[in-house]
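Accompanying notes for the structure given below.
The values are calculated or read from the model by the stated rules, or taken from the named source; none is laboratory data. In this text, all values refer to a predicted model and were calculated from it rather than measured experimentally. So basically every Cβ, Gly included, is an ideal-geometry build from the backbone, and we count neighbours across all protein chains shown. We work out accessible area using only protein heavy atoms, side chains counted, and drop any ligands, DNA or RNA first. Shrake-Rupley method; radii C 1.70, N 1.55, O 1.52, S 1.80 Å.
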Amino acid sequence: MEKKNNHKIGVFPGSFDPFTLGHEAIVKKALTLFDEIIIGIGVNQNKNYLFDLEKRKTHIASLFPNENVQIQTYSGLTIEFCKSVGANHIIRGLRDVKDFDYEKSIAQMNLMLAPIETVFILTDLNYSAINATIVREIYKSKGDISLFVSNAHLLS
Ligand code: ADP
């Protein structure tokens, strides 16, 4: 349901397997643009995740104790999730041109499906190398992921 009083809600969707310092910085920047951010953990039955869904949720919640950030899980189309929570904007982080090329098509196709705009936020230079896939590889090889993930102990 659309909330009244121009309460602006942005959905930040992703798999967040795990939620890195890069994701955290994007949410903090997005909070300067929106009244409320809903971090939507997308669940795809055909995908194997390394970190358990409940652990990912608890971990992300520990980073944002404030009530203007909510964590929800969803399956299916992101635009349908946005509609269900009354959000007109999707937030995505951009690290490089590869992210841009991929994200541009998704954003434009989403816009053909529903009047939901995607807002891109550039990552800070010091986080642009952080990639969840590589963080997972480091974790699987028993490396220290605390350089890339806040409160990493909550994921073990
Ligand atoms: P997905 O699997 O949908 O790409 P991710 O969990 O990998 O989901 O990422 C969610 C969002 O966070 C995407 O917009 C992605 O570009 C962005 N992102 C990922 N890593 C970073 C980073 N280091 N800095 C900024 N944005 C990032």
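Is segment 1-87 rounded, prolate or oblate when judged by the Cα gyration tensor, a ≥ b ≥ c being the square roots of its eigenvalues, rounded requiring a/c under 1.5 and prolate requiring a/b larger than b/c?
Oblate, since a/c reaches 1.5 and b/c is not below a/b.
In Å², what does the accessible area per residue of the chain work out to with a 1.4 Å probe?
58 Å²
Would you calculate, for the chain, the mean residue ellipticity at 222 nm contributed by helices, counting each DSSP H stretch of 4 or more residues as -39,500 (n - 2.57) and dividing by all residues, to the nearest 500?
Helix-only estimate at 222 nm: -10500 deg cm²/dmol.
Give me the angle, in degrees from 0 to 90, between the Cα long axis of helix 21-30 and the longest principal axis of the Cα atoms of the chain, rounded to the nearest 10.
In the chain, helix 21-30 runs at an angle near 20 degrees to the longest axis.
How far apart, in nanometres, would the label points at Gln72 and Met109 be if each is projected 7 angstrom from Cα along the Cα-to-Cβ direction?
With each label placed 7 Å out from Cα toward Cβ, I get 2.3 nm.
Evaluate the distance, in nm, between pseudo-label points positioned 7 Å from the Cα of His7 and of Ile134 along their respective Cα→Cβ axes.
Result: 4.0 nm between the two label points.
How big is the accessible area of Tyr139 in square angstrom, nearest 10, if you roll a 1.4 angstrom probe over the protein chains?
Surface accessible to solvent at Tyr139 totals approximately 70 Å².
For Asp144, what accessible area in Å² do you get when you roll a 1.4 Å probe over the heavy atoms of the protein chains, rounding to the nearest 10?
About 100 Å², ignoring ligands and nucleic acids.
What is the gain in length, in nm to one decimal, between Ser62 and Asn151 on full extension, counting 0.36 nm per residue of separation less the C-alpha to C-alpha distance?
31.3 nm
Tell me the net charge near His153. Cut-off is 13 Å between Cβ atoms, His153 excluded, with +1 for each Lys or Arg and -1 for each Asp or Glu.
Once positives and negatives cancel, what remains is 0.
Restricting to lysine pairs 8 or more places apart or on different chains, what number in the chain have Cα atoms under 16 Å apart?
Lysine pair count for the chain: 5.
Please report, in debye to the nearest 20, how large the charge dipole of the chain is about its Cα centre when each Lys and Arg carries +1 at its beta carbon and each Asp and Glu carries -1 there. Don't skip to the end; give the middle numbers.
Details: 17 positive and 17 negative charges, 27 e Å.
My answer is approximately 120 debye.
In nm, what is the difference between 0.36 nm times the number of residues separating Arg95 and Asn126 and their Cα-Cα distance? Provide the component values of the computation, followed by the final result.
Values: separation 31, 0.36 × 31 = 11.16 nm, distance 1.05 nm.
Residue separation times 0.36 nm, minus the Cα-Cα distance, leaves 10.1 nm.
Can you give the extra length, in nm with one decimal, that the chain gains between Leu31 and Gln45 once fully stretched, where that is 0.36 nm per residue apart less the Cα-Cα distance?
Details: separation 14, 0.36 × 14 = 5.04 nm, distance 3.03 nm.
Contour length minus Cα-Cα distance gives 2.0 nm.
Please provide three numbers in whole Å: the alpha-carbon extents of the chain along the principal axes, with the largest listed first.
Result for the chain: principal-axis Cα extents of 46, 33, 33 Å.
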